[in-house]
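Please treat every number below as a calculation from the coordinates, not as lab data. Here the structure is a predicted model, which is why all the values come from computation and not from measurement. All Cβ positions, even for glycine, are placed from backbone atoms using ideal geometry, and neighbour counts span all protein chains on display.
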Number of protein chains: 2
Amino acid sequence: MTDDRSENQVELSRRRLLGTVGAAGAAGLALGAAGGAGVYGAAAGSGAPYTDAKALTTVGATRAAFHGRHQAGITTPLQSRGHLVAFDLSPGAGRKEAAALLRRWSATARALMAGEPSTDDTGIALDAGPSSLTVTFGFGHSFFGRTGLSSRRPVQLDPLPAFSADALDPKRSEGDLWVQIGADDALVAFHALRALQKDAGTAATVRWQMNGFNRSAGATAKPMTARNLMGQVDGTGNPKPSEPDFDQRIFVPRGASGGQDWMTGGSYAVVRRIRMLLDDWERLPLDRQEKVIGRRKSDGAPLTGGTETSELDLDRFGADGKPVIPDNAHSRISAPEQNGGAAMLRRPFSFHDGIGPDGTPDAGLLFVCWQADPLRGFVPVQRKLDRGDALSAFIRHEASGLFAVPGGVAEGEYVGQRLLEA
Amino acid sequence: MTDDRSENQVELSRRRLLGTVGAAGAAGLALGAAGGAGVYGAAAGSGAPYTDAKALTTVGATRAAFHGRHQAGITTPLQSRGHLVAFDLSPGAGRKEAAALLRRWSATARALMAGEPSTDDTGIALDAGPSSLTVTFGFGHSFFGRTGLSSRRPVQLDPLPAFSADALDPKRSEGDLWVQIGADDALVAFHALRALQKDAGTAATVRWQMNGFNRSAGATAKPMTARNLMGQVDGTGNPKPSEPDFDQRIFVPRGASGGQDWMTGGSYAVVRRIRMLLDDWERLPLDRQEKVIGRRKSDGAPLTGGTETSELDLDRFGADGKPVIPDNAHSRISAPEQNGGAAMLRRPFSFHDGIGPDGTPDAGLLFVCWQADPLRGFVPVQRKLDRGDALSAFIRHEASGLFAVPGGVAEGEYVGQRLLEA
């Protein structure tokens, strides 16, 4: 593998913007590399411009830090490839086997994220740098019963309420363990997936696995908020790490985990496979698409004017006496100010699993959102969307998962150790 | 879309190496842009170094030329994303509808490859540059009967012989029409796929569709031959455009098409979905993997020594009295000198369609190879591999297609016009 890279040096990735999270995301990487328990978000994220060409040369060389206060893959800028995979513990496997597995997984993640080979490396990623690889581990509701740890299960992991528009496939939902892999190179991401699956050995088997993607580094002339497969700018409204309450909304603060201190510095991930009914969507004329969203397709600006980052003017009426941003517009209903300030950090991948026999693509969004408490993040927003979102007619929630993602670890520690060995 | 790019200027892509085809591939692009019928391969491909960092800034801006002597997507450097899709003409659709479809498709391909929007653009690729998008069109054996053009069907399109190890799924094989899409951005590639499917309208329906990928630009510190999902360096033995007979082996020379002059400048594509049995493969120790291939995994050098590009020493024996490159080694059996100089230009994508219920990945190679005559390219090599290749135990040919890919077109012309309007 590459060998000209210092273990203690992380090249900041300025390449991509996750909504507007990029800057502090990079800051998080740098601090993680500096050694673990530093104050998150206090340095380096100076709103550095994302426009310098030189940064584009670091696609392969960019490295996300494994060690740090939070796991990587949450505020890390969006990568161009992603794998989501859930495992179930094998019959007979319990806390001991789970602890050993998380120890193996952590060692593999640490090595691969540093650009080093894994044990019995398959060679798939030889020649390539770590390419911003992140590996993020979480625990599902069912994990705790199977490991005799029910008393350690946080209330935040209680099952999500049912939503009327859900059409969930249980076989592709939930799971004891969840792993999110992201990288800016497809072979690096696949290599990590194979290595982690091999690590599972006899302790756990794959329950479901999904592949996703985002824009490539450098595909746009300057960094832009992502677009989804409907062509919409997607991610504008994400909370910004520069906001004073960002950390406490996204990461579990000390003492705020209802006695489950092992989740301090962690976050809860809601994962939804959201199929897009693209044939229906694309038949809709542009002006009707824009009314469904409440934003212009070209640049993501609110229909009430301005630029992508302008506030929605929810009280503005048109000449026809109707709100310019319709009552059922997706952006109105999901606006934080309409949801008691509910905040989640959306960090999705698009997916496309081919074209079905009826000619329609099996494509959409692997929605992944992060919050300190799903009952104050995803749930209230989804409740409102479920009732009145004009976008509902064009999407279908096909699978769902909720996972407790513990905080990051110091050197010598493995992810979940504070749960599994306490 | 991007608007600061001249219609007549193509930035050479130095980013990637298709085996060792890169340099003249780029030359092909440049000449194509210059206007069509120039002598292929005569300029620009001066073996330029692939190491300049600046080239990495052109991921989005790099443009392949639609017009030229050959269609793009054959000698174009490998892109990081690919879609293969086959269409069947709808019942009742014939030559007239096919001609209209190829006219629509050509217009869309020309626009999107230039970074312009398509008709009723979905906006999925807004903000992005063309990102080396190529769209390549071909005709299958069944196309000619359905359009009353059986007399124009070249003998080179006769069905491939059956191979003993084939396990072909007819539903994912062949097809009236074939389209190959490649791009260095996933949304650009998907955008093109949607646009072309929409263009098909009522004239044709999707028969099968597959997704593939390769390394990202910049993932390796310097340009390298690709690796496949077995971790092997793959593409070393590809014919080189600098070789004097490259053109006549890969592209149909004038007068060499058995009276089917519409194929002059065209090529035949053999497409195989080759599943890799990765669990079995990865259980094999490294030294046995290397004996299966006959090359070192680390750098692709022959087991008889040297570097990746060194000749195989097929007559060298080890201390054990056995050939150093075993008799059944993949590289020995597929070596051009063992096949009467049979040459094909392999230009594959890897695929990964998730992990099945048995825990094994549905992954492998979307093998695409190009030659002036499949009976002198793919067939003799595959016949030998089918009988004695040690790699056979680890792969499975699951689908197959053979397509006549006509030459490129001048401005105002559409792909296939010389067949459909003659």
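Working note: Karplus 6.51/-1.76/1.60 with θ = phi - 60° gives region A:408-418 the couplings x, 10, 7, 4, x, 9, 10, 5, x, 4, 5 Hz, where Gly and Pro are set to x. Can you pick out the pairs among A:198/B:322; A:322/B:198; A:198/B:171; A:96/B:297; A:222/B:222 whose Cα atoms lie more than 27 Å from each other? Long pairs (Cα-Cα over 27 Å): A:198/B:322; A:322/B:198; A:198/B:171; A:96/B:297. Each Cα pair of region B:245-298 feeds into the Kirkwood radius, which the Stokes-Einstein equation turns, at 20 °C and 1.002 mPa s, into a diffusion coefficient of 145 µm²/s.
Remark on residue B:70: its backbone amide H falls under 5 Å from those of B:408, a criterion applied only to residues 5 or more positions apart or on other chains, H modelled at 1.01 Å from N. With the label put 7 angstrom out from Cα along the Cα-to-Cβ vector, residue A:412 ends up 7.8 nm from the copy partners, going from closest to farthest. Assuming a ≥ b ≥ c are the square roots of the Cα gyration tensor eigenvalues, decide whether chain B counts as rounded (a/c under 1.5), prolate (otherwise, with a/b larger than b/c) or oblate. Prolate, since a/c reaches 1.5 and a/b exceeds b/c. 3J(HN,Hα) couplings calculated from phi for region B:96-113 with the Karplus curve 6.51 cos²θ - 1.76 cosθ + 1.60 (θ = phi - 60°) are, in sequence order, 4, 5, 5, 4, 5, 5, 5, 5, 5, 4, 5, 5, 5, 4, 4, 5, 5, 5 Hz; Gly and Pro show x. Shown for residue B:255: label points 7 Å from Cα along the beta-carbon vector, and their distances to the equivalent points in the other copies, 9.1 nm in ascending order.
Rounded if a/c is under 1.5, else prolate if a/b is larger than b/c, else oblate: which is region B:352-401, with a ≥ b ≥ c the root eigenvalues of its Cα gyration tensor? Taking the square roots of the gyration eigenvalues as a ≥ b ≥ c, region B:352-401 is oblate.
Where Lys and Arg each count +1 and Asp and Glu each count -1, what net charge lies around residue A:402 among other residues with Cβ under 11 Å from its Cβ?
-1
Round to the nearest 0.05 the FRET efficiency obtained for residue B:96 and residue B:411 when R0 = 22 Å and r is the Cβ-Cβ distance. Given R0 = 22 Å and the Cβ-Cβ separation, E is 0.40.
With each label modelled as a point 7 angstrom along the Cα→C-beta vector, the residue A:120-residue A:353 pair spans 2.8 nm.
Every Cα-Cα pair of region B:276-401 was included, and the share exceeding 26 Å stands at 25 percent. Among B:365, B:229, sorting on how many other beta-carbon atoms sit within 10 Å of each Cβ, with the fewest leading, yields B:365, B:229.
Placing unit charges on the Cβ atoms only, positive for Lys and Arg and negative for Asp and Glu, gives chain A a dipole magnitude near 380 debye about its Cα centre.
Here the Karplus curve 6.51 cos²θ - 1.76 cosθ + 1.60, taken at θ = phi - 60°, turns the phi angles of region B:166-174 into couplings of 5, 9, 7, 9, x, 5, 10, 10, 6 Hz, with x standing for Gly and Pro. For the protein assembly as shown, the percent of C-alpha pairs falling in each 10 Å distance bin, counted from 0 to the bin holding the largest distance, reads 2, 13, 23, 26, 20, 11, 4, 1, 0, 0. Defining the label point at 7 Å along Cα→Cβ, can you sort the distances from residue A:285 to the same site in each other copy, shortest first, in nm? Copy-to-copy label distances for residue A:285: 7.1 nm.
Cβ crowding within 10 Å, taken as a proxy for footprinting-reagent exposure, orders A:224, A:344 from fewest neighbours to most as A:224, A:344.
Rounded to the nearest 500, the 222 nm mean residue ellipticity of chain B from helices alone is -6000 deg cm²/dmol, with -39,500 (n - 2.57) taken per DSSP H run of at least 4 residues. Each residue, residue A:337 and residue B:315, gets one label point 7 Å from its Cα in the Cβ direction; the gap between the two is 8.4 nm. When the chain is fully extended, how far beyond the present Cα-Cα distance does residue B:155 get from residue B:222, taking 0.36 nm per residue of separation? Taking residue B:155 through residue B:222 to full extension adds about 19.9 nm, to one decimal. Length available on full extension from residue A:245 to residue A:383: 0.36 nm per residue minus the Cα-Cα distance, which gives 47.4 nm.
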